[in-house]
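Participant: Okay, handing you the structure first.
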Amino acid sequence: MTTRYLVLAAALANTAPLSAQTATTRLDTVSGVPEIDKTTQTEDVQFRNRDDRMTVPVRLAGAGPYQFLVDTGADRTAVSRQLVAKLNLPSAGDAALHSVSGVSNVSTAKVYNLQLTRTPETVDAAVLDGANMGADGIVGVDLLRSQRVQFDFEKKTMSIVPSATPDFNDERGTIVVRAKRKNGRLVVTDAVANDEPLTVVLDTGSQVSIGNRALRRRLLGDNLVNINQSVELESVTGQRIVGDYMFIKQLTIGGVGLTNLAVVFTDAHTFKQLGLDKRPALLLGMNAIRAFKKVSIDFASKKLRVVLPEHSALDVRLADARGSN
């Protein structure tokens, strides 16, 4: 058991809720306020603490930067209630917000000149409590539709770049997995868990992967390792749902294998929203994504690219989802 899971197990023992719409790792800017790179049209950010949350600097109407979570599982961008008051952002009416716990009716704010890359955007952002998000806001898939989210876990950096920017496609150990878009999210249907087919949704906003009840029923028996833990998942709205914390022995996505993947099984609303509540499905969280050397999630080209870690295992397509420190 690695340090990461020792930390997670300690949190479970204290019955502290896991965050299902925020990530375990915070990505902060380096000292000062760096200029936006004119080539990549983005700012690289660095990991501060691998068990903290993941944020990227965002400017609003020339103010900031403010720390926003990057959540490929969130259907819309959000801004904290505290930041709305501070910047006196105008109301944009009400909207339905989907999270793992259900549908909530929330107010929205008109956010002008939201600058994630060089091109500013104007969005109607959901207004949520900053304490529930753990940040000033959330970058959802509505802002990522023409972007690519890149992780370099060796350099401990994350970048958000235009999809047309050159990728690490030719790097040794790179595997490309084709995906589809469903409600703005990237979904991979070429996936198998212990010989059972399933659908995988890429979700950088969840610290742990989440499986639905249909998947659990298919994997009952020797295919699952039950550590007899019930945990709470907390959404960005502050609502909580309960799930069972278990391990899947092997998950293969487009030919890329993950072993000993920690999964919380629960009836998350996201599955129902995407029409995946009746068949086996999984929200692939950061505990799986960080098992690789590099990862890019390209919304425009609908592709997932991973660079496999270098090791001496005979099957180079297998990566241990428990990782190492």
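The values are calculated or read from the model by the stated rules, or taken from the named source; none is laboratory data. What you see is a predicted model; the values in this text were computed from it and never measured. In this analysis, Cβ positions are derived from the backbone assuming ideal geometry, glycine residues included, and neighbour counts consider all displayed protein chains. Accessible surface is based on the protein model in full, side chains and every heavy atom, while ligands, DNA and RNA are left aside. Shrake-Rupley method; radii C 1.70, N 1.55, O 1.52, S 1.80 Å.
Participant: So S107 ticks every box in (1) open to solvent by 30 Å² or more (accessible area, probe 1.4 Å); (2) under 14 Å from the mean Cα position of the chain (by Cα) but one. Which box is left unticked?
Facilitator: (2)
Participant: Restricting to the range 95-147, what's the tally of residues that are among the charged types (D, E, K, R) and in a loop (DSSP other than H, G, I, E, B)?
Facilitator: Selection size over the range 95-147: 5.
Participant: Something else now. Considering (1) of a type in the set (K, R); (2) modelled with pLDDT of 50 or more; (3) surrounded by fewer than 16 Cβ atoms within 10 Å (Cβ to Cβ), say which one R53 fails and leave the rest.
Facilitator: For R53, the exception is condition (3).
Participant: Against the definition (open to solvent by 20 Å² or more (accessible area, probe 1.4 Å) and within 18 Å of the chain's Cα centre (by Cα)), how does R76 come out, yes or no?
Facilitator: Working: open to solvent by 20 Å² or more (accessible area, probe 1.4 Å): yes; within 18 Å of the chain's Cα centre (by Cα): yes.
Criteria met by R76.
Participant: Output the residues belonging to the range 81-97 that are in contact (Cβ under 8 Å) with a residue 12 or more places away in the chain, surrounded by fewer than 20 Cβ atoms within 10 Å (Cβ to Cβ) and on the phi < 0 side of the Ramachandran plot.
Facilitator: Residues satisfying the conditions are R81, Q82, L87, L89, P90, S91, A92, D94, A95.
Participant: Please note which strands (runs of 3 or more DSSP E) are completely contained in the range 197-303 and include at least 3 residues that are in contact with a Phe, Trp or Tyr (Cβ under 7 Å, 6 or more places away or on another chain) and open to solvent by 10 Å² or more (accessible area, probe 1.4 Å).
Facilitator: Working: elements: 209-211, 224-234, 240-253, 256-265, 281-284, 294-298.
Of the strands (runs of 3 or more DSSP E) lying wholly inside the range 197-303, those with at least 3 residues that are in contact with a Phe, Trp or Tyr (Cβ under 7 Å, 6 or more places away or on another chain) and open to solvent by 10 Å² or more (accessible area, probe 1.4 Å) span 224-234.
Participant: Scan D167, D190 and give me the residue that is at negative phi, open to solvent by 10 Å² or more (accessible area, probe 1.4 Å) and either at pLDDT 90 or above or small (G, A, S) (or both). Quick ask: steps written out before the conclusion?
Facilitator: Details: D167 fails: either at pLDDT 90 or above or small (G, A, S) (or both).
The match here is D190.
Participant: Only one of these is closer than 30 Å to T259 by Cβ, in contact (Cβ under 8 Å) with a residue 12 or more places away in the chain and in contact with a Gly (Cβ under 9 Å, 6 or more places away or on another chain): I138, I210, I160. Name it.
Facilitator: Of the residues listed, the single one that is closer than 30 Å to T259 by Cβ, in contact (Cβ under 8 Å) with a residue 12 or more places away in the chain and in contact with a Gly (Cβ under 9 Å, 6 or more places away or on another chain) is I210.
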